[in-house]
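The values are calculated or read from the model by the stated rules, or taken from the named source; none is laboratory data. The model shown is predicted, which means the values in this text are computed figures rather than measured ones. For neighbour counting, all protein chains shown are included, and Cβ atoms are generated from backbone atoms with ideal geometry for every residue, glycine included.
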Amino acid sequence: MKMNRDLATALASYPLLIPRLYNYLRLGILPLLDIAEAVPQFGKVLDVGCGYGLLDIYLAKTSSQRYVIGSELNSKRVRVAKQAACGIENVEFVQEDLLRGQHVGDINCAILVDLLHHISYERQQALIAAIWEALAVGGTLIVKDMDDRPAFKYYINLVHDKLMTGFDKLSFISAGKLRANLAARGFVVHSCRTLPHPFYAHYLLTCKKADSNLSSRDVVHLQEVEG
């Protein structure tokens, strides 16, 4: 588990024991600091499906030039996140579905952490399209999700998520497939790497919204240059 002083402070800001314990245990799985390192130091940041908001509080605490919005459907988690963020002026939490709620524009960075495999493939595509519309040109999309290889790590995560969600349907998307989907939408993928963990197949993908005036050939060329 990676931990630094700012993250420990963010973790300690949760007044209730259960959310604090949940966040602490999740840090044994989630490479939060690796995700945070990919986030720009300034601009408006949208975290879709933020849960209890630990990442967002950490991002706000580590750069006053960021304005962080955590979006979450679970009202209890939003309430807990707001309590933990009390007094931090550059972070807010909203109970909102990006696909149904008020349009959020001029986002400089959007973050999806372990969200895609919990929604259907159709909603994955719709969410990516909504984020494309919300991002400013040149804005960054960061995706941390679970790969389907190696097989033993995939099955460990499959069992884990089934137990945690009450056996909801899961829709895992491999890093390669997601990269292709994002490129088809017009994103330029800057990096896609595996994050080391003995039991979980984490991958972290970072891409940027290309200028809509670019031709598909130009986007492909940029993909090749970045790749």
Open item on the list: It is to be established whether one or more residues within segment 44-64 are hydroxyl-bearing (Ser, Thr, Tyr), under 20 Å from Tyr200 (Cα atoms) and outside any loop (DSSP other than H, G, I, E, B).
Closed with: no
Open item on the list: Condition (residue is more than 16 Å from the chain's Cα centre (by Cα), touching a residue at least 40 places away in the same chain (Cβ under 8 Å) and more than 26 Å from Leu25 (Cβ to Cβ)) applied to segment 119-135: is it met by at least one residue?
Closed with: yes
- [ ] Being touching a residue at least 24 places away in the same chain (Cβ under 8 Å) and of a type in the set (D, E, K, R) is the filter here, so list the residues in segment 136-171 that pass it.
- [x] Lys144, Asp145, Asp147, Asp148, Arg149, Lys153, Asp161, Asp168, Lys169
Task: Tabulated pairs, segment 32-44, first closer than 17 Å to Asp6 by Cα, second part of a helix (DSSP H, G or I) and among the charged types (D, E, K, R), C-beta under 9 angstrom, 6+ apart or interchain - done: Leu32/Arg26
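Taking segment 143-201, which residues are in a helix (DSSP H, G or I), over 20 Å from Gly28 (Cβ atoms) and not small (Gly, Ala, Ser)?
Applying the first criterion (in a helix (DSSP H, G or I)) to segment 143-201 yields 151-165, 175-185.
Next, from what is left, pick out any that are over 20 Å from Gly28 (Cβ atoms): 151, 175-185.
Scanning segment 143-201 gives Lys177, Leu178, Arg179, Asn181, Leu182, Arg185.
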Open item on the list: Which condition from (1) surrounded by fewer than 23 Cβ atoms within 10 Å (Cβ to Cβ); (2) free of Cβ contacts under 8 Å to residues at least 40 places away in the same chain; (3) hydroxyl-bearing (Ser, Thr, Tyr) is the one that Ser13 breaks?
Closed with: (2)
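Scanning for something under 22 Å from Gly105 (Cα atoms), of a type in the set (Phe, Trp, Tyr) and at pLDDT 95 or above, does segment 9-24 turn up at least one residue? Outline the logic, then answer.
Of segment 9-24, the ones under 22 Å from Gly105 (Cα atoms) are none.
Within segment 9-24, none of the residues are under 22 Å from Gly105 (Cα atoms), of a type in the set (Phe, Trp, Tyr) and at pLDDT 95 or above.
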Task: Residue list for segment 138-167, restricted to those being exposed (fewer than 11 other Cβ atoms within 10 Å of the Cβ) and either at pLDDT below 95 or more than 17 Å from Pro196 (Cα to Cα) (or both) - done: Val159, Leu163, Met164, Gly166, Phe167
Task: Residue list for segment 162-194, filter: touching a helix residue (DSSP H, G or I) at 6+ places or on another chain (Cβ under 8 Å) and under 16 Å from Tyr121 (Cβ atoms) - done: Asp168, Leu170, Ser171, Phe172, Ile173, Leu178, Asn181, Leu182, Arg185
